[in-house]
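The values are calculated or read from the model by the stated rules, or taken from the named source; none is laboratory data. Here the structure is a predicted model, which is why all the values come from computation and not from measurement. Cβ sites come from the backbone with ideal geometry, for glycine too, and all protein chains shown count toward neighbours.
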DNA sequence: GCCGTTTTCGGCCCGACTGTTTTCAGTCG
C-alpha cells in the first residue's frame, strides 16, 4: 500500500463528503490529510504498523482509523457508506470546468443527473436554466466543457504515452526475443497528444516469428478495462494496454532503418522526401531504396545512412513535419537542437509556500542540484506571498542557500495578470526580485493579448508564463495574438517560457519557433509543484526541439550569473 | 476532523473571478 494510494482514498472521501454537504472543515481535514500523507517522507504502511500514523501532521485519531482499515482490507466503511448513497459515475461530473461539488449535488438531487451523457442531454433541453444558481452562461460553459472532453477523451498526453511505451519496450527487451526496439510515430517526434503509440521491433537472431508476435500479444494481458488484443498478424500486432493503444511493427533487421523512418513519419515529411527522391530516379519505401532505372536495391545500417544517401543531413525526428527541414538538411542548415543535458537551472517552480506545492524550498533545491543544475528560481504564486510572507520567504531562501551552496536559489515570483491587465504584486516588491514570471490564470477570454502586452511593458516582468493557459485535458487556451506578443517580447527582452507540464506544453511548438526566430529568450521550465515534476523538463525539451531551438536560444542553458547579466 | 492550548472548545487561507444575482455562492488556484 503506497502513500499515493492512501492519499487518493482519503481524497475520494473528501469529494463525497463535499457532495453530500458535510461540514466543509471535515472535508478540508480529509483533503489536507491526503496531501500530508502523499508528501510525507515516511512510508504510511510502516507508520501504520507502528501505530504512529498520527505523527503525520493532519492525521488525527479519526483519519488514522480510516487509514488502518483501508490498509487492512483495501476499503473503508466510511467511503462505502458515502458511495452507496450515489451512483458511481457521479464524480465524473467534476471533470467539467465550472462544475464543483455543489453543482453536482444540485444536478443530482433536482434533475437526477449522474453521468456526463445525461448532463449533455439536460443542457440541450435547456433543463439547467430552471435550477437556482444556474443560468444560460453556465449551461453554455458546461456544453463547451463536455465537447472539449469528448474531443480529447481518447487522447493521451506525452508523459502517459511515453511511460506506457517505455514500460512495454522494457518487457519486450527482457523477454530476449528482440534485438532492436524503438519508439516511432508521433511519440518519437515529440508531439503533444497521442491516439496511439507506434513501436518498431526486430526479432532476435534465430527467433521464430510466432514467438515474437506471441511475446507482443502477451502485453495485452494486463487486466485493465478495455485492454486486450486488437489484432495480430506476422508483421503487425496491436494491443490496448493500460488504456493506451500500441501498434507494434515486427520487421527483419535489413528493413529496420526504413521501417523506423517510415513509421516515425510524419506522413507529410515522408511524402515530400519521397517525391524529391522520385525526381532523382529513386523509389523509397519502408523496405528499402530502389534505383528505378536499374532495379538496384540499397540497404543501410541506420536512418543516418538513409538520409545521407538521399543527400540530407540527419534530420532529428522532432523536425520531421515538412516544415522546411528537408531543404535545411540538404543545405546543411539544420539547427543543432537543444538537449536535456544542456539545462543548467530551473526557472519556474513552486514550494510549500504555494498551497499546492508539495516540497520545501530546500527539498526542491537539493533535487535540482541532483539533476546537475546550479540554480533554481523559486516562483511561488504571488497570492500566497502577501502581508510580509514574501520577506519571510526571502529569509528562508537565504537560510537554504547557506546550506546548499554553491547551488543557488533565486528570489522569484509567479505574479497573476488580472482581468484588468494589472499585476497582483506591487512594483516595489517586484523590483526586489531576481526573476518575475507573469501569467494568466483566469478570464482567458478577456482581452488576453492586451493584458499580456501590458505585463510585458512592466519593466520588472522578466518572463511570461504558459502563454495561452491551455490545459490539454480540460480547456483550450486563450486566443492570443502571438505575433504581436512575440514582437514586443523581443523588443523588450521579456522571455516567453516553454512550460513543460505534460498538460500544458505551452507555448506550443509553432509559437515557440516563431519566438525563437524573433530572438525572444525562451526558458524551458517545469512549473514543478513537487520534486518529481522537475523531471517534466524532458517534455519541455521535446517541445523546444520541435520548435527548432538551439542551446543558445534556450535561456536556462546558462548559469545564473550569465542570465543575470543579460537581464540587467 | 485536526490542531493547539491561555486543556476541552474555537478556529480552520483566501483573493480573483464568474455568473447569478442586486449582495452573494461556487469554483479555481
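Annotations for the structure displayed:
- Some residue of region A:344-366 being touching a strand residue (DSSP E or B) at 6+ places or on another chain (Cβ under 9 Å) and over 30 Å from residue A:557 (Cβ atoms): yes
- Count of region A:163-201 residues which are free of Cβ contacts under 8 Å to residues at least 24 places away in the same chain and under 22 Å from residue A:316 (Cα atoms): 4
- Matching residues, region A:124-174, being closer than 16 Å to residue A:95 by Cα and within 15 Å of DNA strand B (Cβ to nearest atom): A:138, A:139, A:140, A:141, A:142, A:143, A:144, A:145, A:146, A:148, A:149
- Unique match (being touching a helix residue (DSSP H, G or I) at 6+ places or on another chain (Cβ under 8 Å) and free of Cβ contacts under 8 Å to residues at least 60 places away in the same chain) among A:532, A:515: A:515
- Odd one out for residue A:56, checked against (1) within 9 Å of DNA strand B (Cβ to nearest atom); (2) under 29 Å from residue A:102 (Cβ atoms); (3) more than 25 Å from the chain's Cα centre (by Cα): (2)
- Selection from region A:71-98 of residues that are surrounded by 18 or more Cβ atoms within 10 Å (Cβ to Cβ) and within 13 Å of DNA strand B (Cβ to nearest atom): A:76, A:78, A:79, A:82, A:90, A:93, A:96
- Total residues in region A:459-477 satisfying the condition of being surrounded by 19 or more Cβ atoms within 10 Å (Cβ to Cβ) and assigned to a loop (DSSP other than H, G, I, E, B): the figure is 11.
- Among (1) surrounded by fewer than 18 Cβ atoms within 10 Å (Cβ to Cβ); (2) more than 13 Å from DNA strand B (Cβ to nearest atom) - the single one residue A:48 does not satisfy: (1)
- Residue match in region A:260-270 (condition: in a strand (DSSP E or B), outside the structural domain of residue A:323 (by TED's automatic domain parsing) and at negative phi): no
- Within the set A:5, A:12, the sole residue that is more than 14 Å from DNA strand B (Cβ to nearest atom), touching a helix residue (DSSP H, G or I) at 6+ places or on another chain (Cβ under 9 Å) and within 30 Å of residue A:110 (Cβ to Cβ) turns out to be A:12.
- Any hit, region A:543-556, residues being under 30 Å from residue A:360 (Cβ atoms) and outside any helix (DSSP H, G or I): yes
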